[in-house]
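For reference, the structure is listed below as structure tokens.
The values are calculated or read from the model by the stated rules, or taken from the named source; none is laboratory data. As the structure is a prediction and not an experimental result, all values here were calculated from the model. Using ideal geometry, Cβ is built from the backbone for each residue, glycine included, and neighbour counts are taken over all protein chains shown.
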Amino acid sequence: MTTTKKPTNAEIADVLERIAELLEFQDTNPFRVNAYRSGGQMIRSLDKSAADLVTRDKMDELKAVPGIGEGLAGVIGEYVSTGKSNLLENLESDAPPEAAFTKVPGIGHELAERIVDRLHIQTLPELEEAAHDGRLTQVEGFGKKRVEAVQMALASLLKRPPRQANGKKSQKQSQKDASPSVELLLDIDAEYRKRAKAGDLQKIAPRRFNPGGEAWLPIMHIKRDGWDFTILFSNTAQAHKLEKTDDWVVIYFERDGKEHQHTLVTETKGSLEGKRVVRGREAESRRYYSAEKTK
């Protein structure tokens, strides 16, 4: 007979607190957000096992815990019995990109939105990269100590040992983290924008910033040099605010089951003004254009 390990109070609390975070992103009634957040805190400090109360059919005792009640007890009961929460899964699937960053201790709603708007990244691995290559310090609110805390938290969340203090990677790690060349990214960006302008691409209806459900966002899938690419215009809050939804291009690339992304934009200042550049790889973009001049 196979036995299923019962979740700890801390694990149940993590579920309730994560639900609170995602509800907050949806601008849900603050009383509901606080109910899940407070419920998580109560379960975390409970001196008995909440999972035991569920498995021993003592749901009335669980509901009697201050701040729990019928609704939260149902969520806890489902998680203990099945190992998952349908509410959490639904919220995760509908969550905006910045929601992923609130998993990191010390990063709340506002800081997460700043990260997405400033760096145009959406995943924890991308956040880890930004924390180590200096880009995260460009975001207001991220000083040296906070960035170091983010690095340590991500090492734990992503279950990796922290990088060496000197920032150097092994040859194996460098190969693993390899990205398409700037030249290839610029070539794909040019092809996408050309085909999008000509109306040659399929259009999808994004869920965010699209109350009418209009299919307006061109999407392109291609394979190049061993990479699988998916390309779209940016649909972030910042792109809409600055009216760049027909300029900022997000290129997702995947190989060996590892997916990352880069955003390409038309530079508005400096030596690259008017040119397409890869965000976060401006130095490489500059070298690319310098080489082009000498050809």
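Which pairs have Cβ atoms under 9 Å, sit 6 or more apart or on different chains, and link a residue in segment 72-83 that is free of Cβ contacts under 8 Å to residues at least 24 places away in the same chain to one that is part of a loop (DSSP other than H, G, I, E, B)?
Between residues of segment 72-83 that are free of Cβ contacts under 8 Å to residues at least 24 places away in the same chain and residues that are part of a loop (DSSP other than H, G, I, E, B), the close pairs are ALA73/VAL65; GLU78/LYS84; GLU78/SER85.
Let me confirm something: among GLU214, GLU243, which residue is more than 22 Å from the chain's Cα centre (by Cα), without any contact (Cβ under 8 Å) to a residue 40 or more places away in the chain and within 19 Å of ILE121 (Cα to Cα)?
GLU243
Which of the numbered conditions does ASN90 fail, given that it passes all the others? Conditions: (1) farther than 23 Å from PRO206 by Cβ; (2) free of Cβ contacts under 8 Å to residues at least 24 places away in the same chain; (3) surrounded by fewer than 20 Cβ atoms within 10 Å (Cβ to Cβ).
(1)
For residues that are at pLDDT 80 or above and over 30 Å from ILE222 (Cβ atoms), tally how many sit in segment 145-187.
11
Quick one: is LEU72 at pLDDT below 90 and within 18 Å of PHE31 (Cβ to Cβ)?
Judged against the criteria, LEU72 is not a match.
If we keep just the residues of segment 217-228 that are without any contact (Cβ under 8 Å) to a residue 24 or more places away in the chain and of a type in the set (A, V, I, L, M, F, W, C), which is nearest to HIS260 (Cα to Cα)? Walk me through how you get there before you give the answer.
Keep residues of segment 217-228 that are without any contact (Cβ under 8 Å) to a residue 24 or more places away in the chain, which gives 217, 219, 221, 223.
Now drop any that are not of a type in the set (A, V, I, L, M, F, W, C), which leaves 217, 219.
Values: LEU217: 20, ILE219: 17 Å.
Among them, the one singled out is ILE219.
Need the failing condition index for PHE142 against (1) modelled with pLDDT of 90 or more; (2) assigned to a loop (DSSP other than H, G, I, E, B); (3) outside the structural domain of PHE101 (by TED's automatic domain parsing); (4) under 29 Å from VAL104 (Cβ atoms), just the number.
Here PHE142 clears every test but (3).
Being closer than 20 Å to LEU136 by Cα and surrounded by fewer than 14 Cβ atoms within 10 Å (Cβ to Cβ) is the filter here; which residues of segment 260-288 pass it?
Within segment 260-288, just ALA283 meets the criteria.
Could you tell me whether segment 99-106 includes any residue that is at pLDDT 85 or above, small (Gly, Ala, Ser) and in a helix (DSSP H, G or I)?
no
Working carefully through the options THR245, THR268, find the one that is β-branched (Val, Ile, Thr), at pLDDT 90 or above and not in a strand (DSSP E or B).
Sole residue among the options that is β-branched (Val, Ile, Thr), at pLDDT 90 or above and not in a strand (DSSP E or B): THR245.
Only residues in segment 277-293 that are among the polar types (S, T, N, Q) count as the first member; pair them with residues that are surrounded by 12 or more Cβ atoms within 10 Å (Cβ to Cβ), Cβ under 6 angstrom, at least 6 apart or cross-chain, and list the lot.
From segment 277-293, the pairs are SER285/VAL182; SER285/VAL277; SER285/VAL278.
Considering segment 31-61 alone, what residues qualify as being assigned to a loop (DSSP other than H, G, I, E, B) and small (Gly, Ala, Ser)?
Hit for segment 31-61 is SER49, nothing else.
Is it fair to say ILE231 is part of a strand (DSSP E or B), in the same structural domain as ASP256 (by TED's automatic domain parsing), without any contact (Cβ under 8 Å) to a residue 40 or more places away in the chain and touching a helix residue (DSSP H, G or I) at 6+ places or on another chain (Cβ under 8 Å)?
So ILE231 does not fit the description; no.
Test of understanding: among VAL54, VAL80, which residue is surrounded by 14 or more Cβ atoms within 10 Å (Cβ to Cβ), within 22 Å of GLU11 (Cα to Cα) and more than 30 Å from the chain's Cα centre (by Cα)?
None of the others qualify; the one that does is VAL54.
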